[in-house]
1. Please state which one of Ala124, Ala145, Ala79 is outside any strand (DSSP E or B) and not charged (D, E, K, R).
2. Being crowded, with 17+ Cβ neighbours inside 10 Å, under 14 Å from the mean Cα position of the chain (by Cα), on the phi < 0 side of the Ramachandran plot and aliphatic (A, V, I, L, M) is the requirement here; does Leu102 meet it?
3. Restricted to the range 34-63, and to residues that are of a type in the set (S, T, N, Q) and more than 17 Å from Ser141 (Cβ to Cβ), which residue is surrounded by the fewest Cβ atoms within 10 Å (Cβ to Cβ)?
4. Take the range 156-170 and flag every residue that is in contact (Cβ under 8 Å) with a residue 40 or more places away in the chain and in a loop (DSSP other than H, G, I, E, B).
5. What's the number of the only condition in (1) outside any strand (DSSP E or B); (2) surrounded by 15 or more Cβ atoms within 10 Å (Cβ to Cβ) that Asp173 fails to meet?
6. Of the conditions (1) touching a helix residue (DSSP H, G or I) at 6+ places or on another chain (Cβ under 7 Å); (2) loosely packed, with under 13 Cβ neighbours inside 10 Å, Ile165 fails just one. Which one is it?
7. Confirm whether Gly96 is modelled with pLDDT of 95 or more, buried (at least 16 other Cβ atoms within 10 Å of the Cβ) and of a type in the set (Gly, Ala, Ser).
8. Can you tell which of Arg16, Arg31, Arg88 is surrounded by 17 or more Cβ atoms within 10 Å (Cβ to Cβ), farther than 22 Å from Ile160 by Cα and among the charged types (D, E, K, R)?
Amino acid sequence: MRKPEIMASKVLFAGRAVTLHIDDIVMPDGRKTTREIVEHLPAVAVVAVDAENNVLLVRQYREAVKQELLEIPAGGIDAGEDPETAVRREMQEETGFLPGKLVKLCGFYAAPGYCTEFMHVYLATDLTPGRLYAEDTSEISLVKAPVKEIPALLRSGKIIDAKSIAGLYAFLDYQKKLTKHKNQ
């Protein structure tokens, strides 16, 4: 499959978290068009499960959608950081816990039609309390949800952001495979 050819690219905005540019492209069939692209650094999302078999969720207001959302902890990967280091930092910033064990569950592009952000999703277990390190997370509240209630939370629409839905379903699938493996 031939790819479109970029003829020109113009940066319209370069901010702290995103860069927006418009690309003039020629499609493989010769048509000329434009694409609006949001460049965003990779990020991590974490399904954190404590010793009591609760998933640690965070409730926070999201300005872009003008509402409070219930989500799995997540955040950007800083320059020079690998995903696992970012997971540990984000866990401390948003939950006050540090993971003893990490397992990569999945990875995906958040919105590949217009954004470059790739999300690495991990399972964090063997949690130990640490110092809550909040930079701009003072408005985040921690919510513990029993693992058995996660399917109902997903079906009810109480969890509506893509990274949390994908991460929690990946976790439920991982758990199902572990159970199946143990029963064989």
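The values are calculated or read from the model by the stated rules, or taken from the named source; none is laboratory data. Remember, predicted model here, so these are calculated numbers, not experimental data. Cβ sites come from the backbone with ideal geometry, for glycine too, and all protein chains shown count toward neighbours.
1. Numbers: Ala124 fails: outside any strand (DSSP E or B); Ala145 fails: outside any strand (DSSP E or B).
Testing whether each residue is outside any strand (DSSP E or B) and not charged (D, E, K, R) leaves just Ala79.
2. On the way: crowded, with 17+ Cβ neighbours inside 10 Å: yes; under 14 Å from the mean Cα position of the chain (by Cα): no; on the phi < 0 side of the Ramachandran plot: yes; aliphatic (A, V, I, L, M): yes.
Here the answer is no, as Leu102 does not meet what is asked.
3. Kept after step one, since they are of a type in the set (S, T, N, Q), are these residues of the range 34-63: 34, 53-54, 60.
Subset that is more than 17 Å from Ser141 (Cβ to Cβ): 34, 53.
Numbers: Thr34: 12, Asn53: 10.
The residue in question is Asn53.
4. Of all residues in the range 156-170, those in contact (Cβ under 8 Å) with a residue 40 or more places away in the chain come to 158-164, 166-168, 170.
Answer for the range 156-170, where residues must be in contact (Cβ under 8 Å) with a residue 40 or more places away in the chain and in a loop (DSSP other than H, G, I, E, B): Lys158, Ile159, Ile160, Asp161.
5. Of everything listed in (1) outside any strand (DSSP E or B); (2) surrounded by 15 or more Cβ atoms within 10 Å (Cβ to Cβ), Asp173 misses just condition (2).
6. (2)
7. Numbers: modelled with pLDDT of 95 or more: no; buried (at least 16 other Cβ atoms within 10 Å of the Cβ): yes; of a type in the set (Gly, Ala, Ser): yes.
When the stated conditions are applied, Gly96 does not pass them.
8. On the way: Arg16 fails: surrounded by 17 or more Cβ atoms within 10 Å (Cβ to Cβ); Arg31 fails: surrounded by 17 or more Cβ atoms within 10 Å (Cβ to Cβ).
Within the list Arg16, Arg31, Arg88, the selection yields Arg88.
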